[in-house]
Structures are given as C-alpha cells and as structure tokens.
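Worksheet for the structure shown next.
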Amino acid sequence: MGEFTTTIEHRLDQAYKGLQEARTSGDDFLADTLTAEIEDLRRIAVDNGVAIQP
C-alpha cells in the first residue's frame with residue numbers, strides 16, 4: 001500500500017497548497033471545492049487504514 005499512501009499524501013499536500021492560494025486570492029468557489037476534495041481524500045485514507053496527520 002506504499003504507492004497508495006504516497007498518492008494520497010501527495011494529493012492532500014497539493015490540495016492544501018491550492019486551498020491556501022485560493023483563500024489568499026479570495027476565490028471562495030475554489031476554496032470550497034478544495035475543502036471538499038480534502039475531506040474526501042481524508043475519508044478515503046481513513047477507510048483504507050492510511051494514517052494522515054491532522
């Protein structure tokens with residue numbers, strides 16, 4: 001499950017970076033979209049036993 005974990009971690013990292021940029025630029029729609037993506041990725045990680053830092 002190493003590659004799966006790495007992919008989840010990478011996608012979360014990119015989503016968090018994008019969320020920060022969206023908030024900085026005032027793009028509320030993108031921020032909402034990325035927040036939903038982060039929630040989905042975190043749920044997928046938990047469902048598959050992948051430990052994710054808070």
Residue set Gly26, Gly49; condition at pLDDT 95 or above, open to solvent by less than 80 Å² (accessible area, probe 1.4 Å) and of a type in the set (Gly, Ala, Ser); output residue Gly26
Using the structure shown, decide if Phe4 is among the aromatic types (Phe, Trp, Tyr) and surrounded by 11 or more Cβ atoms within 10 Å (Cβ to Cβ). yes
If I go through segment 7-23 residue by residue, how many of them are polar (S, T, N, Q) and either in contact with a Gly (Cβ under 7 Å, 6 or more places away or on another chain) or open to solvent by 100 Å² or more (accessible area, probe 1.4 Å) (or both)? 1
Since Thr35 meets every condition but one in (1) in contact (Cβ under 8 Å) with a residue 12 or more places away in the chain; (2) polar (S, T, N, Q); (3) part of a loop (DSSP other than H, G, I, E, B), which condition does it not meet? (3)
If a residue must be surrounded by 13 or more Cβ atoms within 10 Å (Cβ to Cβ) and over 14 Å from Ile52 (Cα atoms), how many such residues does segment 29-41 contain? 6
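The values are calculated or read from the model by the stated rules, or taken from the named source; none is laboratory data. All values reported here derive from a predicted model rather than from experimental measurement. Cβ sites come from the backbone with ideal geometry, for glycine too, and all protein chains shown count toward neighbours. The accessibility values were calculated without ligands, DNA or RNA, using every heavy atom of the protein model including side chains. Shrake-Rupley method; radii C 1.70, N 1.55, O 1.52, S 1.80 Å.
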